[in-house]
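Novice: This structure is in C-alpha cells; I'll ask about it shortly.
The values are calculated or read from the model by the stated rules, or taken from the named source; none is laboratory data. Since we're looking at a predicted model, the values are computed, not measured. Quick reminder, even Gly has a Cβ in these numbers, built from the backbone with ideal geometry, and neighbours come from all protein chains shown. Note: areas computed on protein heavy atoms with side chains; ligands, DNA, RNA excluded. Shrake-Rupley method; radii C 1.70, N 1.55, O 1.52, S 1.80 Å.
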Amino acid sequence: MDTDKAYLLGLIIGGGIFGDNTNVFRIRLPYRKWGSYLENPQRAGQIAGDIFRKVGQMFRAIYNLTVQYEAMPGGTWTILCEGDTTALRDDLLHYGIVCEGDLKENADISKIIDDLVDDNLKRRFVAGLADTIGSMARSQRRFTDEHQILSLEIKGYNYKLVCDLCRLLYSINCIPDQVNWNHPNIHCPSNPYYRQWNKGFKLRILLDQFARFGAFAFRTKVETANENRRLQQQTHTAERCETRAVHVTPSTVHPAENDPRLPDEIRGGHYIHFRHFCAVMRCEHAPYSEINKYFDNLGEIVNPFPILCKESYLRIEEIIRSDDLLSRRNYDILSIDISSLLSLYNDNPLLLLFGNSPKNGYPITEILKAVAYIIADDDELNGRRPKGGYIQIIERHIQCTPNLRIEFRKPDLLTPLVIVGNGKGALVGAVNPDVYERLITRSPDNEYKLLVRRITEDDLRNG
Amino acid sequence: MAKERHEVTYYPEIQNFIETQIKSNFRAKCLRELEMFWGIGELKSNLQRILSENPEKCDCVKDFIQRTPPLNLDIFALVTDGIKYELIILEVKKMKSAGLKEWSQLIGYCLVSGAKFGLLVNIDNGASYRLDQLLSTEEHLFHIRTIVGDEIRQHFLGFMQWDSVSKCFDYSNLGIIKSLSELTNKLISEFSQ
C-alpha cells in the first residue's frame, strides 16, 4: 500500500467495473446532472481535465495503464483504463477483491482498510471514493442551504461495504451526518405498496466536516465543495454518533424487508431509524442506549398497515382485493365534511378518529394528508406530493366550496381507513399500539433485530 | 479581483503534502518512522540550523554540512532515519510552462549539493513542449550519474505539477521520479542499504 495506490483503490472501489477482457476495465463516474456536458459544459471540460491530469497520469505512473474517457449526455462519465492490468488485479486480489463486474456490489474492503495504516492513507482512499461517488448536487443539503452535504452514493445491497466505509470515515473524523441504508424502512417508511424502494445507499457527511478532515483530488469537486459551502452562513461540525439524539417516527412494515437480496444480518428485520441498522450491525459507534429507549414503546412506532398510501382509485381497490384481511371487512360508507375535519385538527392535531379506546384510531394528520391528495387539482401536486403544505390545499378548496365533503370507507376492525374521490384513493393505517406491540419480537441471534409477524383478524378482534 | 499569490506562499502546502505522503508510505512499507526537516533558502546555513535544533536525529549529516558549499535553493528536505540521510531538492516555479532552463537549474543544484533526489514543481501548470519531449526520450537528463573523486553519485529527478486548488500533485510522468510513492520507494531502498 502507498498513498497513490490508496487513491486509485478508492477510485476503483467507487466505480470499478471489470469484464472478461483482462486488458481493460472501466471506472464509472455517476455524476448525473452535475457532470452533464449539456447542463454545464464548462464543468464538463474541467472534469475531462481532472481525468487526464490526475487519474490518467497516476494510472500511468503506478500501473503503466493508459486512460480514455467517455461522457454521456446524462452526466455519467466512464474512464476506460487500458493496458496490462495484471499488476492492478494482483493488488486487488491481495486484498481479497475479485475483479468481476461492478466491484462495489460485492467487494469486502476490510483488508484494504487494514493496510491504511494512518489517517493520510485513509484520506487518500476516501478521496478516490469521493471523486467517483461523492455527490454535491444542489439537493444534497439538510433541510436548507445552511447545511451542505457530501453524499457518497452506492447502489446495490453491500451493507458491509457501507458499514466499513462509515467506520473508516469516522476514524478520520468525517463523522457521517446520516446513513440512508438501501432498505424499504428508509426509502418508503409509510407505504408498504411502494415497490421502488431500492434507491441505493447514501452516506451523508456535512461538507464542512469533510472539507476539514476528508479530501478530494478532482479540482472540479473541490471547487463545487467551496461553492456549496459559501451558501452557508456558519461553519458546522458533526456530532458524534454515540451521543447524538435519535428521533423516531412511526414506520410501516414493508414486504421487501424479506427481499432475498438483503444480507442475512438485515433480512427479515424491521428498522425504526437509520441508526438502528448500525446497532444491528454492531457498530461500535451506534447509539445503543438511544435505540433501546424506543424498544419500550415499539407498538407506537411500528405499524403493520400503511401509515399513508396514496394511489389511484383502481389501485386502492386492487390492494384491498388482494389482501384477505382488508377485503373481508365490512365498510361503512361515510360522507365527511372536510371543514369539520380541519376544525378537529386545529383543536388537536394529535387526535385519533374512529377508535375503540383513547389509545387507538386513525390519526387526523394522516387523514388530512390523504384528503389533500384526493381533493387537490393536478397543478397542486408534484406526483403524489402536495406543492406547499397539505393544510393550505385543504384551506384553498374549502374557501371555494365551503361544504366540501369526501367519502370515507370505515372498516369494522381497525384495518386501514379508505378515503376515495376524484379517481384517487388513499389508505390510512390506524394507531393501535397495544395490538401492534404483540406482533414484535427480538431475533434470537441479535437482540437489536426486530421481527414483526403478520397481523391477523384475531389480533384485531382481541385488541 | 483576488491578489496573485507569489510562489513562495505555496511552499508550506507543498512541503506539507510531500512530507505527509512520504511519511505515510514509509510507515506503510517499513512500519517505522522517518524524520523530515525542511529548509527554505541557503542550504548550508539551514542544515546547520536543523542540526543545532535536532542534534541527536541529525548527527549523521554533520560531515556533509562541513563539506557542502553555500547554495541558494527554493526548498530542500533532509530525510533521515537517524542513521542515514538523503536530500531532496525542490525547484518550485509558478509559470505558464517550465522549460529546459528550470530543469537545468534543478540539475545544477543537485550536482553541486550532491542531493540524490530533485523535483521540479510548477504550480498549476506543466512543462514546455520542448522539455516534455526531452524528458520523454533523454534518460541521461533525469537519471544522472557523476563521478566525484572516487565516488559514483546518482541523481534521480522528476517533474510534477502542484494543483493549488485540490492541494495535491498532478503527476506528469516526466523524469525518473514519476510519483511520490516512487520517490518513497527509492528512499526506502537507500535507507535499507
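Novice: Considering only the stretch A:79-94, how many residues are touching a strand residue (DSSP E or B) at 6+ places or on another chain (Cβ under 8 Å) and surrounded by fewer than 16 Cβ atoms within 10 Å (Cβ to Cβ)?
Specialist: Residues in the stretch A:79-94 being touching a strand residue (DSSP E or B) at 6+ places or on another chain (Cβ under 8 Å) and surrounded by fewer than 16 Cβ atoms within 10 Å (Cβ to Cβ): 2 in total.
Novice: Go through the stretch B:1-34 and give me each residue that's open to solvent by 20 Å² or more (accessible area, probe 1.4 Å), away from chain A (no Cβ under 14 Å) and not hydrophobic (A, V, I, L, M, F, W, C). Quick ask: steps written out before the conclusion?
Specialist: Here is the first cut: in the stretch B:1-34, the ones open to solvent by 20 Å² or more (accessible area, probe 1.4 Å) are B:1-9, B:12-13, B:15-17, B:19-20, B:23, B:27-33.
Restricting the remaining residues to those that are away from chain A (no Cβ under 14 Å) gives B:1, B:3-9, B:12, B:15.
Of everything in the stretch B:1-34, those that are open to solvent by 20 Å² or more (accessible area, probe 1.4 Å), away from chain A (no Cβ under 14 Å) and not hydrophobic (A, V, I, L, M, F, W, C) turn out to be B:Lys3, B:Glu4, B:Arg5, B:His6, B:Glu7, B:Thr9, B:Pro12, B:Gln15.
Novice: Next question. Only one residue in B:Leu71, B:Leu51, B:Leu43 is at pLDDT 90 or above, open to solvent by less than 40 Å² (accessible area, probe 1.4 Å), away from every other protein chain (no Cβ under 14 Å) and out of contact with any Lys or Arg (no Cβ under 9 Å at 6 or more places or on another chain). Which one? It would help to see each step written out before you state the result.
Specialist: Working: B:Leu71 fails: out of contact with any Lys or Arg (no Cβ under 9 Å at 6 or more places or on another chain); B:Leu51 fails: out of contact with any Lys or Arg (no Cβ under 9 Å at 6 or more places or on another chain).
B:Leu43 is the lone residue from the list that is at pLDDT 90 or above, open to solvent by less than 40 Å² (accessible area, probe 1.4 Å), away from every other protein chain (no Cβ under 14 Å) and out of contact with any Lys or Arg (no Cβ under 9 Å at 6 or more places or on another chain).
Novice: Next question, about the same structure. Please pick out the residue among B:Phe76, B:Phe64, B:Phe37 that is outside any strand (DSSP E or B), more than 14 Å from every other protein chain (Cβ to nearest Cβ) and aromatic (Phe, Trp, Tyr). Before you say what the answer is, go through the steps one by one.
Specialist: Details: B:Phe76 fails: outside any strand (DSSP E or B); B:Phe37 fails: outside any strand (DSSP E or B).
B:Phe64 is the lone residue from the list that is outside any strand (DSSP E or B), more than 14 Å from every other protein chain (Cβ to nearest Cβ) and aromatic (Phe, Trp, Tyr).
Novice: If you scan the stretch B:151-193, which residues turn out to be of a type in the set (Phe, Trp, Tyr) and over 16 Å from A:Leu121 (Cα atoms)? Before the answer, list the steps.
Specialist: The initial filter retains those residues of the stretch B:151-193 that are of a type in the set (Phe, Trp, Tyr), namely B:156, B:159, B:162, B:169, B:171, B:191.
B:Phe156, B:Phe159, B:Trp162, B:Tyr171, B:Phe191, listed by residue number.
Yes or no, residue by residue, for (1) surrounded by 15 or more Cβ atoms within 10 Å (Cβ to Cβ); (2) within 29 Å of the chain's Cα centre (by Cα):
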{"site": "A:Arg409", "(1), (2)": "yes, no"}
{"site": "A:Leu413", "(1), (2)": "yes, no"}
{"site": "A:Val420", "(1), (2)": "yes, no"}
{"site": "A:Gly425", "(1), (2)": "yes, yes"}
{"site": "A:Gly429", "(1), (2)": "yes, yes"}
{"site": "A:Pro433", "(1), (2)": "yes, yes"}
{"site": "A:Asp445", "(1), (2)": "no, yes"}
{"site": "A:Leu450", "(1), (2)": "yes, yes"}
{"site": "A:Arg453", "(1), (2)": "no, yes"}
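Novice: Of all residues in the stretch A:24-47, which are in contact with a strand residue (DSSP E or B) (Cβ under 6 Å, 6 or more places away or on another chain) and either open to solvent by 20 Å² or more (accessible area, probe 1.4 Å) or closer than 16 Å to A:Glu82 by Cα (or both)?
Specialist: Residues satisfying the conditions are A:Val24, A:Phe25, A:Arg26, A:Ile27, A:Arg28, A:Pro30, A:Tyr37.
Novice: Another question about this same structure. When B:Gly149 is evaluated against the numbered criteria (1) open to solvent by 10 Å² or more (accessible area, probe 1.4 Å); (2) at the interface with chain A (Cβ under 10 Å from one of its Cβ atoms), which criterion, by number, is the only one it fails?
Specialist: So B:Gly149 meets the others, but not (2).
Novice: Checking the structure you have, find out if any residue of the stretch A:157-169 is of a type in the set (D, E, K, R) and within 18 Å of A:Phe218 (Cβ to Cβ).
Specialist: Kept after step one, since they are of a type in the set (D, E, K, R), are these residues of the stretch A:157-169: A:160, A:164, A:167.
Filter once more, keeping what is within 18 Å of A:Phe218 (Cβ to Cβ): none.
No, the stretch A:157-169 contains no residue that is of a type in the set (D, E, K, R) and within 18 Å of A:Phe218 (Cβ to Cβ).
Novice: Give the residues of the stretch B:159-193 that are within 23 Å of B:His140 (Cβ to Cβ), more than 7 Å from chain A (Cβ to nearest Cβ) and of a type in the set (Gly, Ala, Ser), sorted by residue number.
Specialist: B:Gly175, B:Ser189
Novice: All but one of (1) farther than 17 Å from A:Leu203 by Cα; (2) assigned to a loop (DSSP other than H, G, I, E, B); (3) at pLDDT below 95 hold for A:Glu239, so report the exception by its number.
Specialist: All conditions are met except number (1).
Novice: A:Thr441 is checked against (1) open to solvent by less than 40 Å² (accessible area, probe 1.4 Å); (2) within 26 Å of the chain's Cα centre (by Cα); (3) more than 26 Å from A:Arg321 (Cα to Cα) and fails just one. What number does that condition carry?
Specialist: (1)
Novice: May I pose another question? Given the structure, is A:Met1 touching a helix residue (DSSP H, G or I) at 6+ places or on another chain (Cβ under 7 Å), of a type in the set (A, V, I, L, M) and either away from chain B (no Cβ under 14 Å) or under 22 Å from A:Lys111 (Cβ atoms) (or both)? First the steps, then the outcome.
Specialist: Working: touching a helix residue (DSSP H, G or I) at 6+ places or on another chain (Cβ under 7 Å): yes; of a type in the set (A, V, I, L, M): yes; either away from chain B (no Cβ under 14 Å) or under 22 Å from A:Lys111 (Cβ atoms) (or both): yes.
So A:Met1 fits the description; yes.
Novice: Turning to a different aspect of this structure: Which residues, taken from the stretch A:68-78, are in contact with a strand residue (DSSP E or B) (Cβ under 7 Å, 6 or more places away or on another chain) and open to solvent by less than 20 Å² (accessible area, probe 1.4 Å)? Show your work before the answer.
Specialist: Initially, the stretch A:68-78 is screened for residues in contact with a strand residue (DSSP E or B) (Cβ under 7 Å, 6 or more places away or on another chain), giving A:68-71, A:76-78.
Answer for the stretch A:68-78, where residues must be in contact with a strand residue (DSSP E or B) (Cβ under 7 Å, 6 or more places away or on another chain) and open to solvent by less than 20 Å² (accessible area, probe 1.4 Å): just A:Trp77.
Novice: Still on this structure, please answer the following. For A:Lys359, which of the numbered conditions (1) within 22 Å of A:Gly421 (Cα to Cα); (2) touching a residue at least 24 places away in the same chain (Cβ under 8 Å); (3) open to solvent by 20 Å² or more (accessible area, probe 1.4 Å); (4) of a type outside the set (Gly, Ala, Ser) fails to hold?
Specialist: Only one criterion is unmet by A:Lys359, namely (1).
Novice: Tell me which helices (runs of 4 or more DSSP H) are completely within the stretch A:295-403 and hold 2 or more residues being within 28 Å of the chain's Cα centre (by Cα), or say none if there are none. Reasoning before the result, please.
Specialist: Working: elements: A:298-301, A:313-321, A:324-327, A:338-347, A:364-375, A:390-400.
Where helices (runs of 4 or more DSSP H) fall fully within the stretch A:295-403 and carry at least 2 residues being within 28 Å of the chain's Cα centre (by Cα), they are A:298-301, A:313-321, A:364-375, A:390-400.
Novice: Moving to a separate point now. So how many residues does the stretch A:4-54 have that are acidic (Asp, Glu) and within 11 Å of another protein chain (Cβ to nearest Cβ)? Full working, then the answer.
Specialist: Our first condition is that a residue be acidic (Asp, Glu); within the stretch A:4-54, this holds for A:4, A:20, A:39, A:50.
Of the ones still in play, those that are also within 11 Å of another protein chain (Cβ to nearest Cβ) are A:4, A:50.
So the answer is 2.
Novice: Take the residues of the stretch A:98-132 that are of a type in the set (A, V, I, L, M, F, W, C) and farther than 30 Å from A:Arg212 by Cβ: which is least open to solvent (accessible area, probe 1.4 Å)?
Specialist: In the first step, residues of the stretch A:98-132 are kept if they are of a type in the set (A, V, I, L, M, F, W, C); the result is A:98-99, A:103, A:107, A:109, A:112-113, A:116-117, A:121, A:125-127, A:129-130.
If we keep only those that are farther than 30 Å from A:Arg212 by Cβ as well, we get A:98-99.
Values: A:Val98: 86, A:Cys99: 18 Å².
Among those that are of a type in the set (A, V, I, L, M, F, W, C) and farther than 30 Å from A:Arg212 by Cβ, it is A:Cys99.
Novice: So A:Ala211 ticks every box in (1) outside any loop (DSSP other than H, G, I, E, B); (2) at pLDDT 90 or above; (3) surrounded by 20 or more Cβ atoms within 10 Å (Cβ to Cβ); (4) within 14 Å of chain B (Cβ to nearest Cβ) but one. Which box is left unticked?
Specialist: Condition (2) is where A:Ala211 drops out.
Novice: Here are some residues: B:Ser136, B:Ser113, B:Ser104. Which one is at pLDDT below 95 and under 18 Å from the mean Cα position of the chain (by Cα)? Lay out the reasoning, then the answer.
Specialist: Working: B:Ser136 fails: under 18 Å from the mean Cα position of the chain (by Cα); B:Ser104 fails: at pLDDT below 95.
It is B:Ser113.
Novice: It is to be established whether one or more residues within the stretch A:48-59 are touching a strand residue (DSSP E or B) at 6+ places or on another chain (Cβ under 9 Å), surrounded by fewer than 18 Cβ atoms within 10 Å (Cβ to Cβ) and among the aromatic types (Phe, Trp, Tyr).
Specialist: yes
Novice: Shifting gears a bit: For the stretch A:166-186, give me each residue that is in contact with a strand residue (DSSP E or B) (Cβ under 8 Å, 6 or more places away or on another chain), under 17 Å from A:Val280 (Cβ atoms) and not polar (S, T, N, Q).
Specialist: A:Cys166, A:Pro176, A:Val179, A:Trp181, A:Ile186
Novice: Scan the stretch A:167-190 residue by residue and report those that are open to solvent by 20 Å² or more (accessible area, probe 1.4 Å), in contact (Cβ under 8 Å) with a residue 40 or more places away in the chain and within 22 Å of A:Glu257 (Cβ to Cβ).
Specialist: A:Gln178, A:Asn180, A:Ile186, A:Pro189, A:Ser190
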